[in-house]
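One structure is given here, and the rest of the page talks about it.
The values are calculated or read from the model by the stated rules, or taken from the named source; none is laboratory data. Predicted, not measured: the structure shown is a model, and the values here were computed from it. Neighbour counts run over all protein chains shown; Cβ positions are idealised from the backbone, glycine included.
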Amino acid sequence: MSDPVIDQAAGTTCGPDADTPGCGATEPVQLGPQAREFLRALASEQRQQMLELFTGGIELTVGTVAERLGIAQPTASQQLALLRRGGLLISRKHGKQVYYRIDTAAVERSLTELQTYLHTCCPPPDEHNP
């Protein structure tokens, strides 16, 4: 038997036989705009490499990211902006420097939305009824 999926936006629980609006194949399932931006941000191998630099919750400036990856500072700035727009990074300004770090809470929200989407649109097969 499949685990029920909770549609957090609508506050509904969807099971394998649920006729609740937003559940099953009766209504199309869509990702929210933030989850789409999250996936776009992760679509680039270079941005994935950038994320690895922030392991352990450290903060880095654009210049440091550019130096560590061997890329131009404007390129690093553009890529960091896409990661921030995707909810993967947050920034804070200290003097003239902007420091970036992983936005753990936003990443968790996006992953939860993605998991809900996948369970709703493409539920795993019932273990007892393949």
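Here are a few things to note about the model shown:
- Among the residues here, residue 120 does not qualify as loosely packed, with under 12 Cβ neighbours inside 10 Å and either assigned to a helix (DSSP H, G or I) or among the hydroxyl-bearing types (Ser, Thr, Tyr) (or both).
- Residue check, residue 69 under 30 Å from residue 115 (Cα atoms) and either of a type in the set (Ser, Thr, Tyr) or surrounded by 14 or more Cβ atoms within 10 Å (Cβ to Cβ) (or both): no
- Of the residues 29, 62, the single one that is touching a Ser or Thr at 6+ places or on another chain (Cβ under 7 Å) and at pLDDT below 90 is 29.
- Residue that is surrounded by the fewest Cβ atoms within 10 Å (Cβ to Cβ), among those in the stretch 92-117 that are within 17 Å of residue 39 (Cα to Cα) and small (Gly, Ala, Ser): 105
- Being part of a helix (DSSP H, G or I), within 16 Å of the chain's Cα centre (by Cα), closer than 21 Å to residue 30 by Cα and free of Cβ contacts under 8 Å to residues at least 24 places away in the same chain is a property that residue 108 has.
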